[in-house]
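The values are calculated or read from the model by the stated rules, or taken from the named source; none is laboratory data. Keep in mind the model is a prediction, meaning the values are calculated, not measured. Here the Cβ positions follow ideal geometry from the backbone for every residue, glycine too, while neighbour counts run over all protein chains shown. All accessible areas refer to the heavy atoms of the entire protein, side chains included, with ligands and DNA or RNA removed. Shrake-Rupley method; radii C 1.70, N 1.55, O 1.52, S 1.80 Å.
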Amino acid sequence: MMRISIKVKLSLLLTVLIVAAVAILARLVLQGIDASQRAETERELARQSEIAGLRVRQAYMLGDRKDDDEFLRLRGQGLAMEISRQSGLPVVIYDRAGEPVGNSLQQLEALDIRDTLDYALSGRTAYQVSGASLVYMAPLAGSAGQVGVVQFYYSLQTQQAFHASIKRLFLTTGAAVAGAGLLIGYLYLHRFSGAIYRLRDLVGAIRRGDYPHAAARVRGDELGELEAGIYYMSDAIRSNIDGLQAERHKLTLAVTKLQALEQRQKQFIGSISHEFKTPLTSIRAYGDLLEMYADDPELVAEAQVNISREAQRLQEMVDKVLRLSALEKYEFESEAGPVAVDELLGELCGRLRGKAARFGISLESRLESAAVWGDRELLSSIFMNVLDNAIKYNVRGGEVCVTCAQEDGRVRVAIADTGLGIPAEERARIFEPFYTVSKDRARRTGGSGLGLALVREMTDKQGGEIAVEAACGARGGTRFILTFPGHSSERSTD
């Protein structure tokens with residue numbers, strides 16, 4: 001099926017309306033001209049017939065009074081010629097029998113006028129149109145009533161020529177107006193249809209999933225209001241879809257996080273069950289030995305020491321598990337404030353030097369002035385756990401070096417030891433709960449694999465980061481690097 005654009009349809013409709021209007025106007029004007037010409041002709045011929053009747057009566061009254069029929073036979077030709085000269089029209093006079101008794105023109109157009117003549121002989125005016133000629137007949141009165149009929153020939157050529165010229169004028173004007181209307185209408189409707197095409201393109205873009213922004217200018221009519229409404233609808237749909245996509249993204253992240261948490265929970269339960277099983281087994285074994293050898297003082301003393309140590313280890317694991325669980329599930333309630341990191345690290349190093357000395361380890365610090373905005377107790381727990389690991393997992397005669405500096409708005413704390421180090425492939429996992437590089441070493445040092453997991457959670461809560469790398473130097477070892485936003489780049493203290 002052939003597709004015709006709306007501007008062509010509207011242009012054709014406008015042209016048809018213009019042509020129809022011109023045709024109706026032409027018809028009304030031409031009908032008015034015809035009616036006016038007909039009325040003017042009738043008035044003129046009626047006037048001429050009245051003059052002819054007066055002339056016939058005058059001739060009858062002034063001449064010898066004879067019979068009406070004889071009078072017309074004798075004077076008919078002369079009266080016809082006289083009336084013709086006065087009126088300027090061909091004249092024929094008929095007697096009461098319908099026979100011509102006077103004729104101003106010897107050669108007349110052969111017309112079938114019998115019916116019209118009979119109508120005029122009955123005492124009424126009548127006329128007949130044939131081509132470009134009009135035959136007008138009126139009764140003539142004598143002494144005793146109607147004596148005959150006077151007939152005028154009237155040419156309609158002038159009127160018909162005028163009618164034809166007016167008709168041609170309307171045809172020419174109508175064609176010109178129709179052409180101009182088609183051209184102007186097409187140009188205007190081209191601009192008008194451009195707005196409709198924009199609306200079509202807007203709807204198509206929305207259907208394809210593209211949501212255009214509102215244009216700087218729109219039309220000031222109903223189409224402009226419709227265009228503005230479509231733009232508003234587009235913005236609303238885009239906003240809603242963006243919101244739905246954002247919510248979908250959040251839901252996806254939530255589901256992913258829940259799945260990860262579920263997996264971590266399963267691993268956590270399995271790990272904690274395994275970690276709790278070892279000290280509980282040791283305690284139960286010593287309990288069984290005490291029942292069997294209660295009278296052995298050395299066994300009792302050894303059992304008391306080991307049971308106390310394993311119970312303390314269980315207590316520490318329970319405390320760390322509870323704290324780690326609180327950090328993962330709830331927002332950690334802290335009392336933030338400005339903390340001088342160099343002073344805090346100096347205090348912690350002083351408290352741990354005694355423990356380091358028992359292991360034959362030297363603890364050195366190079367601390368520059370640095371401050372962060374955070375919770376002092378939480379920062380103390382972070383640094384204490386890392387320092388304690390640096391001592392526990394070191395070698396006798398080793399060293400622990402603590403440095404602190406503030407650079408580019410961030411505080412950088414590095415804690416390096418000279419222990420056996422952590423293999424590169426294990427560094428990404430040491431922050432997982434219950435993960436230890438060496439299980440045997442963890443048993444000897446009392447490590448549960450929860451300390452670094454707790455450190456990472458607490459560091460995240462403080463807006464910091466923690467990383468691990470191999471220590472530089474001939475003796476090797478491990479270095480933990482903790483960075484926190486400096487006090488100057490955070491909130492003020494008011």
Residues satisfying the stated conditions in region 82-115, i.e. outside any strand (DSSP E or B), open to solvent by less than 90 Å² (accessible area, probe 1.4 Å) and either in contact with an Asp or Glu (Cβ under 9 Å, 6 or more places away or on another chain) or within 17 Å of Q48 (Cβ to Cβ) (or both): E82, I83, S84, S87, G88, L89, P90, A97, G98, S104, L105
Unique residue being surrounded by fewer than 16 Cβ atoms within 10 Å (Cβ to Cβ), modelled with pLDDT of 75 or more and assigned by TED's automatic domain parsing to the domain that holds G374 when the list is G397, G464, G446: G397
Residues (in contact with a Leu (Cβ under 9 Å, 6 or more places away or on another chain) and either of a type in the set (A, V, I, L, M) or assigned to a loop (DSSP other than H, G, I, E, B) (or both)) located in region 23-55: A26, L45, A52
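Condition check ((1) in the same structural domain as A21 (by TED's automatic domain parsing); (2) in contact with a helix residue (DSSP H, G or I) (Cβ under 6 Å, 6 or more places away or on another chain)) across all residues:
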| site | (1), (2) |
| --- | --- |
| L140 | yes, yes |
| A164 | yes, no |
| Y197 | no, no |
| D201 | no, no |
| I206 | no, yes |
Any hit, region 343-363, residues being assigned to a helix (DSSP H, G or I), hydroxyl-bearing (S, T, Y) and open to solvent by 10 Å² or more (accessible area, probe 1.4 Å): no
Sole exception among (1) at pLDDT 90 or above; (2) buried (at least 20 other Cβ atoms within 10 Å of the Cβ); (3) of a type outside the set (D, E) for R410, by number: (2)
Residue identified as buried (at least 22 other Cβ atoms within 10 Å of the Cβ) and of a type in the set (A, V, I, L, M) among L387, L420: L387
Filter result for L79 (of a type in the set (A, V, I, L, M, F, W, C) and at pLDDT 85 or above): yes
Residues satisfying the stated conditions in region 24-40, i.e. under 17 Å from Y127 (Cα atoms) and open to solvent by 40 Å² or more (accessible area, probe 1.4 Å): D34, A35, S36, R38, E40
Residue pairs meeting the criteria (Cβ under 8 Å; at least 6 apart or on separate chains; first in the same structural domain as R456 (by TED's automatic domain parsing) and part of a strand (DSSP E or B), in region 475-487; second among the charged types (D, E, K, R) and open to solvent by less than 20 Å² (accessible area, probe 1.4 Å)): T478/D417; R479/D417
The listed residue being farther than 30 Å from V16 by Cα and open to solvent by 70 Å² or more (accessible area, probe 1.4 Å), out of Q157, Q146: Q157
Odd one out for D118, checked against (1) open to solvent by 50 Å² or more (accessible area, probe 1.4 Å); (2) in contact with a Gly (Cβ under 8 Å, 6 or more places away or on another chain); (3) in a strand (DSSP E or B); (4) not small (G, A, S): (3)
Subset of region 478-494 that is at pLDDT 85 or above and either in contact with a helix residue (DSSP H, G or I) (Cβ under 7 Å, 6 or more places away or on another chain) or surrounded by 21 or more Cβ atoms within 10 Å (Cβ to Cβ) (or both) - its residue that is farthest from K392 (Cα to Cα): F484
When residues of region 228-251 are limited to those that are open to solvent by 50 Å² or more (accessible area, probe 1.4 Å) and hydroxyl-bearing (S, T, Y), the one farthest from P212 (Cα to Cα): S239
